[in-house]
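Taking it in order: structure first as structure tokens, then the write-up.
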Amino acid sequence: DAFLKIYGAFDRFSYRGPGSLRAWMERIAVNVALEWLRNRNKLNFRTLDEGRALPDVPEPDPSEVARIPRDVLMEFVGELPDGYRTVFNLYCIEGYSHRDIAQMLGINEKSSSSQLFRARTLLARRIAAYMETH
């Protein structure tokens, strides 16, 4: 779907220097993916319960995480709930700010931040369990 949209809109692309085509294409692909999720009501965002403290989960050591195969890490990310995974990907992989994510998803910045925090907490637990067994 993204490639068809890119192909159909190519006449509206304006070159702005090296990397502009890639950025333009990535933006279209992200928007198509978000539209797909929204249309299927897959973004089940959860708000933080301000009165409930989250368990303290230490972040794993980066050198230990580097030893985990990439496909295993991607599997862990893929297992996150849709809302968590979407915000995690947009923030950590695509490099969007919480303000940008909030605008794209129609949520507030605090929701974006809480989704990212919870995604990182779940990933930290999953990585810790993996490290214990491998």
Subject >> Counting all C-alpha pairs of the chain, share separated by more than 25 Å (%) >> reply: 38 percent
Original post:
Using a 1.4 Å probe, how large is the accessible area of Met25, given in Å² and rounded to the nearest 10?
Top reply: 60 Å²
Subject >> Within the chain, helix-based [θ] at 222 nm, where runs of 4 or more DSSP H residues each add -39,500 (n - 2.57), nearest 500 >> reply: -19000 deg cm²/dmol
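Order Leu105, Leu73 by their accessible area, 1.4 angstrom probe, all chains in place, largest first.
Leu73, Leu105
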**OP:** Using only Cα atoms, locate the centre of segment 6-34 and the centre of segment 71-109, then give the distance between them in Å, rounded to an integer.
**Re:** 20 Å
Subject >> Burial ranking of peptide ranges 114-125, 2-13 (average Cβ count within 10 Å, highest at the top) >> reply: 114-125, 2-13
Original post:
Got a number for the accessible area of Ser111? Probe 1.4 Å, square angstrom, nearest 10.
Top reply: 20 Å²
Subject >> Mean Kyte hydropathy of -0.5 or more with a Cα span along the axis of at least 30 Å, helices from DSSP in the chain >> reply: 109-133
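Starting from the residue with the highest accessible area, list Tyr130, Tyr91 in decreasing order, probe 1.4 Å. Please list the in-between numbers first.
Working: Tyr130 40, Tyr91 80 Å².
Sorted by accessible area, descending: Tyr91, Tyr130.
The values are calculated or read from the model by the stated rules, or taken from the named source; none is laboratory data. In this text the structure is predicted, and so the values were computed from the model without any measurement. Positions of Cβ are generated from backbone atoms using ideal geometry, with glycine treated the same way; all protein chains shown enter the neighbour counts. We work out accessible area using only protein heavy atoms, side chains counted, and drop any ligands, DNA or RNA first. Shrake-Rupley method; radii C 1.70, N 1.55, O 1.52, S 1.80 Å.
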